[in-house]
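Peer 1: Please find one structure pasted underneath; my questions will follow.
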C-alpha cells in the first residue's frame, strides 16, 4: 500500500514535469515565426545587392566629378600664374559642353536595348504594340542609372528630347522611328544592365504585357552628333534683378 505522502509527492512531481514540458513547447513554437520572419527570400537579397551596386556606382561618379572640378581649379590657377590667361582652359571646357549637349559624336562602352512586338501566340489576336511611353520609360531608366550619352535608332537624344506618339507612329524629337526600336546608351555597362534587370522593374513590366525586350552589353558604342541646331527657341537666360537700395 502506497503511503499518502508519497502519492501526494508523485502527483506534485508529475504536475511540475508537465508544466515544464508545456513551457518548453510554447517557447519553441514562439521562436519559429520570429525565425521565419527574419529569413529574407533570395530574390530580395539579390535586389538589395543590385541597389547597393547602383549606389556605389553613383558615388564613384560623384567622386569623379569632384576630382574633375578640382583639376579645373588647378588649371585656372596655373593659367593665371603663368600669365597665359584662362583661354586654353575655357577651350577645353567648351569641348566638354559640346559633348554634353550632343553636338559631337561620342564613343564608349555601354548597353543596347532592343524593343519590339512579340510574335502572336493566338490566331486572330494581335500582339501589343510598342508605345512612345515605353521608349521614354526605358530612356529614363538608363539616364537614372548614369547613362552619359544615348541614341534611339541612330538618333542622338538628350534628357530633354521629346518621345511622343504621332499619327500612329513614334517620333523621337522631330524624327519618326519604326520597329524594332534600338536604344544605345553609353555609360557603366554593369550599372546600366543592373538597373534594367531589377525584379519588378520597368523591363519586367514591358515583358509582362507581351513585348520583347533584349538587353546586351557592348564594349564600344559609337553615337552620332545630335541632328539640327537643337537650340532653345523660347527660353532665355533670366536678366539679373537690380539691387534694391
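Peer 1: Hey, fewest Cβ within 10 Å first, where do 199, 60 land in order?
Peer 2: In order of increasing Cβ crowding within 10 Å: 199, 60.
Peer 1: What does the extension gain come out to for residue 72 and residue 129, with contour length at 0.36 nm per residue minus their alpha carbon separation?
Peer 2: Stretched fully, the residue 72-residue 129 segment lengthens by 15.7 nm.
Peer 1: Shifting gears a bit: Could you line up 222, 53 from fewest to most neighbouring Cβ atoms inside 10 Å?
Peer 2: Ordered from fewest to most neighbouring Cβ atoms within 10 Å, 222, 53 come out as 222, 53.
Peer 1: Nearest 0.05, what FRET efficiency do residue 178 and residue 97 give at R0 = 45 Å with Cβ-Cβ as r?
Peer 2: 0.85
Peer 1: Next up: By per-residue mean of other Cβ atoms within 10 Å, what is the highest-first order of 61-73, 183-195?
Peer 2: In descending order of packing, they fall as 183-195, 61-73.
Peer 1: Evaluated at 37 °C with a viscosity of 0.692 mPa s, what Stokes-Einstein diffusion coefficient in µm²/s does region 153-201 have when Rh comes from the Kirkwood expression over alpha-carbon pairs?
Peer 2: Result for D is 259 µm²/s.
Peer 1: Looking at region 106-228 from every direction and averaging, what is the projected area of its Cα convex hull in nm²?
Peer 2: 7.6 nm²
No value in this document is a laboratory result; all are computed from the given coordinates. Bear in mind that the values here come from a model prediction, so they are computed numbers and not experimental data. We place every Cβ from the backbone using ideal geometry, glycine too, and count neighbours over all the protein chains shown.
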